[in-house]
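For reference, the structure discussed in these notes is given below.
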Amino acid sequence: MTSPNSLEECRQWDERDRFADTRSKFLLNPDIIYMDGNSLGALTKSSMARSRAIVEDQWGPDLVRSWNVHGWFDLPHRLGAKIAPLIGAAADEVLVADSTTVNLFKIACAAMMARGSRHRVVTELGNFPADIYVLQGLALLSGGAIEIVAVPRSEIAERIDESTFLVVLTHVHYKTAELFDLAAITRRAHARGARILWDLSHSVGALPTDVGAARADFAVGCTYKYLNGGPGSPAFLYVRRDLQDELRPGLTAWMGHAAPFEFTEDYDPAPGMARFRVGTPSMISFASLEGALEIWHDIDIREVRAKSEALSELFIKRVDALTGSGLSLASPRDPARRGSHVALTHEQGYELMQALIARGVIGDFRAPDVVRFSITPLYLRYVDVWQAVSVLGDVASGLSRTEHLRRNPVT
Ligand SMILES: Cc1ncc(COP(=O)(O)O)c(C=O)c1O
């Protein structure tokens, strides 16, 4: 993997960059180098336009008729169909709805109800807390009938056995960015008769992911990170087509009913992905996501990945060259094993990140000592990465060892 060796070379790489025009589709503050797109993606102009249009041109004049005349009711399916190719799924296998946490619950609960005599869920120790907490809650809800087995990555394959009904893993680790081999672990789960649920929150829009080729059972993920849908934009869920009609959703809800506007007394699940709908979709957030997805129509995710690897290499190479910074690489060095952010550790990580943000370089901090820098090729330039590491070096060398800041609620 090659990457530029000087600021001048960075400028040349940016001029030749296939995504130079894509960057202009974002509204970016020129005084900020934004490296937190794995937490909240940047604002696209199309998202702004769609958010405004749904309020001014649809809700305002057309009121409740908008559900029909502007196709609001079907938007969760239409947006699912747009996300589907980014994860290797078919259009009718993906639904946009709710949050990632809620979708995880809906699917894990459905899998629990279909578990037969199996009673274990295998997950990774250190998986994103939302995933772990949902599973722990489900175990309580089951009255002790199911058990959650959270083990280190190296033990996962061997712990999937004939007692396992579900494996829940996050494809790109939220802290370290370490990647799982999605196809290999899916094969392992299936060989033991278990189903697998992939959390693709840090994968979708960041790297090629193929749940279809792997025949993965389920997936969920956020749209406000690399898809830039906006703060709290609705999440997606994927259920392989042949499983859809045999599963009873964990949340048996009115919008997932076969005929919601018949208002019948008894629950009857809709066919296909519609049964995983819950309640009234938050249309303004859906519109924001719809706008953000427009920019993907001519983008090849393999090109995104290639630039992500080059930017990450540049970032790591420059961090390696900093002396006495107290920073260590917490992500895999091998690009093939890394997602699209780079994690470093520093014993005063929080203070370091706050000082960086004050200098206009925005990343984030994850307790106890990780600072994360996202690599978002659609709007991040080589010059940005070069300059971000220059500021990082300055800030790390100027940090007071005794300073400890009170932490903000969001770090
Ligand atoms: C890997 C992963 N899973 C799940 C979530 C939870 O998403 P939400 O809070 O939107 O439900 C996040 C949020 O950052 C995440 O990074």
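The values are calculated or read from the model by the stated rules, or taken from the named source; none is laboratory data. Quantities reported herein were computed from a predicted structural model and do not represent experimental measurements. Cβ: placed from backbone, ideal geometry, glycine included. Neighbour counts: every protein chain shown. Calculation scope for accessible area: heavy atoms of the full protein, side chains included, ligands and nucleic acids excluded. Shrake-Rupley method; radii C 1.70, N 1.55, O 1.52, S 1.80 Å.
Tabulated data for the structure shown
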read-out: Wholly within segment 19-110, helices (runs of 4 or more DSSP H) carrying at least 2 residues that are within 16 Å of the ligand (Cβ to nearest atom) and open to solvent by less than 60 Å² (accessible area, probe 1.4 Å); value: 75-87
read-out: Count of segment 337-370 residues which are touching a residue at least 40 places away in the same chain (Cβ under 8 Å) and of a type in the set (A, V, I, L, M); value: 9
read-out: Test for T223: is it part of a loop (DSSP other than H, G, I, E, B), among the β-branched types (V, I, T) and more than 11 Å from the ligand (Cβ to nearest atom); value: no
read-out: Scan of segment 260-273 for residues that are within 12 Å of L247 (Cα to Cα) and of a type in the set (A, V, I, L, M, F, W, C), ordered by number; value: A270, M273
read-out: Within segment 111-152, tally of residues that are in a helix (DSSP H, G or I), exposed (fewer than 15 other Cβ atoms within 10 Å of the Cβ) and away from the ligand (no atom under 15 Å from the Cβ); value: 3
read-out: Pairs, first among the acidic types (D, E) in segment 314-333, second open to solvent by 10 Å² or more (accessible area, probe 1.4 Å), C-beta under 9 Å, six or more apart; value: D320/L329
read-out: Members of segment 189-216 found to be free of Cβ contacts under 8 Å to residues at least 40 places away in the same chain and open to solvent by less than 10 Å² (accessible area, probe 1.4 Å), listed by number; value: A189, I196, W198, A216
read-out: Candidate set from segment 338-369 (those that are touching a Leu at 6+ places or on another chain (Cβ under 8 Å) and open to solvent by 10 Å² or more (accessible area, probe 1.4 Å)); member that is nearest to V304 (Cα to Cα); value: I362
read-out: Total residues in segment 49-74, condition farther than 25 Å from L27 by Cβ and out of contact with any Phe, Trp or Tyr (no Cβ under 9 Å at 6 or more places or on another chain); value: 9
read-out: One residue from A130, A150, A97 being closer than 26 Å to D364 by Cβ and under 16 Å from the mean Cα position of the chain (by Cα); value: A130
